[in-house]
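Report on the structure given below.
The values are calculated or read from the model by the stated rules, or taken from the named source; none is laboratory data. Remember, it's a predicted structure, so these values are computed and weren't measured experimentally. Methodologically, a virtual Cβ is constructed for each residue, glycine included, from the backbone with ideal geometry; neighbour enumeration extends over all protein chains shown. Note: accessible area is taken over every heavy atom of the protein model, side chains too, but ligands, DNA and RNA are not part of it. Shrake-Rupley method; radii C 1.70, N 1.55, O 1.52, S 1.80 Å.
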Amino acid sequence: MSEPLLQAVDLECERDERLLFQNLSFSIVPGTLTRVEGPNGSGKTTLLRILAGLNGAWSGEIRWCGQPRGHDRESFLRNTLYLGHRPGIKPLLTPLENLRALMAGRRPVNDEVLVQALAGTGLAGYEHVPCRNLSAGQQRRVALARLLIADEPLWLLDEVFTAIDADGVQAIETLLKQRAAEGGAILVTTHHDLQVEGMGRITLGGGQCDE
Ligand SMILES: Nc1ncnc2c1ncn2[C@@H]1O[C@H](COP(=O)(O)OP(=O)(O)OP(=O)(O)O)[C@@H](O)[C@H]1O
């Protein structure tokens, strides 16, 4: 089996004096899809934010490519794509402008590729419409277009199925399966009944961690 990209060792997190998880250890290796599951408030978003380096209130160790994550934070950030549970797009900007902004500081991508990615999430014809004029599902699709141009080996995806219709859900599932089959490592939280053969599970809320 490949070396882990990301390892969590004895993670513990408490919020508002409530223990969300402790002794949480797992490894994420290339070519795998892992679902973080648990009831509302069990800490799924918190865990993903901790892994992405966006939340400081935790203890334990996070390793990136075998080293403490802080040793090469730049490599970690460059190689990790995090999509939060909010679409994270700017309402005054168009889908094309948002996608340009999401790629800023990553790598140069020409507009033709971005327009194709938007078309790939069903937004052909909406490239130049301010996002505030799009539906909730269409706004989510703008963020999801980022996945179609992502080359980061690790994806941390929080509730990306929210507000997406049945066809869209199927398309995302297919994309995640393909990505994992191509060697990507994906950690996803969802309340959607995601069914992928060989999928790993990290269960929060009193359950066990079962990679
Ligand atoms: N900014 C915050 N400050 C303090 N506590 C917070 C904050 N954000 C979340 N929490 C608390 O942390 C706990 C876990 O929240 P989190 O959003 O990680 O859960 P979740 O499993 O993702 O839930 P859901 O399924 O509803 O999305 C909740 O009890 C919540 O009240």
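Before moving on, here are some points about what is shown:
- Each peptide in 142-149, 162-169 was scored by the mean count of other Cβ atoms within 10 Å over its residues; highest first, the order is 142-149, 162-169.
- Charge context of residue 19, other residues only, Cβ under 14 angstrom, K/R +1, D/E -1: -3
- Summing charges over neighbours of residue 151, with a neighbour being any other residue whose Cβ is under 15 Å away from its Cβ, gives +3 when K and R count +1 and D and E count -1.
- Scanning the chain for DSSP H helices at least 20 Å long along the axis (C-alpha atoms) with a Kyte-Doolittle mean no lower than -1.0 picks out 166-181.
- Relative contact order %, the range 89-151, counting alpha carbon pairs below 8 Å whose residues are six or more apart: 47
- Test item: Cα-centred dipole of the range 71-191, Lys/Arg +1 and Asp/Glu -1 on Cβ, debye: 280
- Pairwise FRET efficiency - residue 170 versus residue 116, Cβ, R0 = 22 Å, nearest 0.05: 0.65
- Cα-centred dipole magnitude for the range 40-133, charges only on beta-carbon of K, R (+1) and D, E (-1), debye, nearest 20: 320
- The range 142-211-the range 74-99 distance, computed between alpha-carbon centres (Å): 16
- In the chain, a dipole from Cβ-located charges (positive for Lys and Arg, negative for Asp and Glu) runs towards its positive end, and of 91, 163, 65 it is 91 whose Cα lies farthest in that direction.
- Of the peptides 180-187, 50-57, the ranking by mean beta-carbon count within 10 Å, highest at the top, reads 180-187, 50-57.
- Protein heavy-atom accessible surface, 1.4 Å probe, per residue over the range 1-150: 51 Å².
- If the chain linking residue 203 and residue 124 were pulled fully straight, counting 0.36 nm for each residue of separation and taking away their Cα-Cα distance, it would gain 24.7 nm.
- The chain - charge dipole about Cα centre, Lys and Arg +1 at Cβ, Asp and Glu -1, debye rounded to 20: 540
- Stokes-Einstein diffusion for the range 89-151, with the hydrodynamic radius set to the Kirkwood value over Cα pairs and evaluated at 20 °C in a medium of 1.002 mPa s, equals 192 µm²/s.
- For residue 12 and residue 109, the FRET efficiency from 1/(1 + (r/R0)^6), where r spans their Cβ atoms and R0 equals 45 Å, is about 0.70.
- Exposure rank, largest accessible area first [102, 48; 1.4 Å]: 102, 48
- Sequence-separation-based contact order of the chain, relative, with Cα cut under 8 Å and 6+ spacing, percent: 31
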